[in-house]
């Protein structure tokens, strides 16, 4: 890239500081023309007076010079840190354009950083997501991704797949010899473990669409799930009724609990039903359960535990056991204003894998909201992104495709169809590589970097 780009890198409006960023071959020349002085020592801040092309004073500002390749874009970069407001930054930018720069497109600085090898695409995506997220723990996970954790994971997966492929190529070359069964077993075991981890990462990441923690209300019909939803939202979002089965479809709302963004899902009551519409709602409930990072299991405190409750407890425990990173489980006993007929000791099996049981009266919205907010905030504070998280849909798709190719490869390995096994492993290598270096297509890159703000 021979052209030089410039943009205001700070939000528009009134503020203490405005930053104008310039990147490209002409950046030092443009800066010298504006400051009418020598550039500061690279990577050292210096106070300079800025002038327009007519010699009129613009401002006094901090000027930073980053010599290529030791800059964000790996190009010559100059930043002017001037006083805030709309006018001064616009004047500096106008001078940069008059001196040979062009206005940068959205995300173009980061796009150049990617194309010049400063960042891989996973790191570039992490930057965009960090700017947009409103969730503290998600930001921490993105910081690890920016540091290169996702890229390192992709590298580890590629090494495992290449090793499997190398062993296979040797076996193909010596196909007339008897293939040692222990080699096949070792390769199969390694690939099974890898496919399981990819599946767990995919499920873990899908539970947090739009950078939210997914919180699911689960229980049999008429235990008060919709009333709890209304209490948490502090307004009547869902219709409530003493008639069982009022909620036939999932209801989703977002709210902020502490520094965490939460997607709250009220689900249809889980039970055996012959009603096709209700059955469809129950299917959605089960899907929401699979994607939830926090599960609120709701019971009616005015009724003893029955077979429906026991089936839901078993379902929740099974879901927790199936994940590498189990969801947080919060047992809720609702209707505590009524005479208690539920023996809390019967929930001990659930409590062994969850937090202590919480008793509420959903009709008292204010008190219920306070109790649940506190419990959910505590659960969120304990949660950490200990595994890799895929923050973009293209990353999730790449992992899903990689897992599918590995499973296909294992099937061919079972039948000793080694050429087809190698074919599927090569497909898996291509798919996993899409996470950090997906395509050379300019259209794909423009689409992704177009999500960035100007000046980034």
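The values are calculated or read from the model by the stated rules, or taken from the named source; none is laboratory data. All of these numbers come straight from a predicted model, not from anything done at the bench. Neighbour counts are summed over all protein chains in view; Cβ atoms, including those assigned to glycine, are modelled from backbone coordinates with ideal geometry.
Filtered by the rule that a residue be farther than 13 Å from residue 220 by Cβ, in a loop (DSSP other than H, G, I, E, B) and without any contact (Cβ under 8 Å) to a residue 60 or more places away in the chain, region 303-336 gives 322, 326, 336.
Take residue 74 and tell me if it is touching a helix residue (DSSP H, G or I) at 6+ places or on another chain (Cβ under 8 Å) and either outside the structural domain of residue 109 (by TED's automatic domain parsing) or at negative phi (or both). Here the answer is no, as residue 74 does not meet what is asked. In the set (1) crowded, with 17+ Cβ neighbours inside 10 Å; (2) under 21 Å from residue 394 (Cα atoms), the condition left unmet by residue 131 is number (1). For the residues 381, 375, 398, 369, the requirement of being part of a helix (DSSP H, G or I), modelled with pLDDT under 90 and within 24 Å of residue 131 (Cβ to Cβ) singles out 381.
Against the numbered list (1) surrounded by 15 or more Cβ atoms within 10 Å (Cβ to Cβ); (2) out of contact with any helix residue (DSSP H, G or I) (no Cβ under 9 Å at 6 or more places or on another chain); (3) under 21 Å from residue 363 (Cα atoms), residue 320 comes up short only at (3). Can you say whether residue 252 is closer than 30 Å to residue 129 by Cβ, surrounded by 14 or more Cβ atoms within 10 Å (Cβ to Cβ) and at pLDDT below 85, as far as the supplied structure shows? Against the criterion (closer than 30 Å to residue 129 by Cβ, surrounded by 14 or more Cβ atoms within 10 Å (Cβ to Cβ) and at pLDDT below 85), residue 252 qualifies. Considering region 341-358, the residues that are more than 30 Å from the chain's Cα centre (by Cα) and surrounded by fewer than 18 Cβ atoms within 10 Å (Cβ to Cβ) include one that is modelled with the lowest pLDDT, namely 349.
Please verify whether region 108-120 includes one or more residues that are farther than 18 Å from residue 66 by Cβ and not in a loop (DSSP other than H, G, I, E, B). Among the residues of region 108-120, not one is farther than 18 Å from residue 66 by Cβ and not in a loop (DSSP other than H, G, I, E, B), which makes the answer no. Taken together, 200, 230 contain a single residue that is modelled with pLDDT under 85, assigned to a helix (DSSP H, G or I) and surrounded by 15 or more Cβ atoms within 10 Å (Cβ to Cβ), which is 200.
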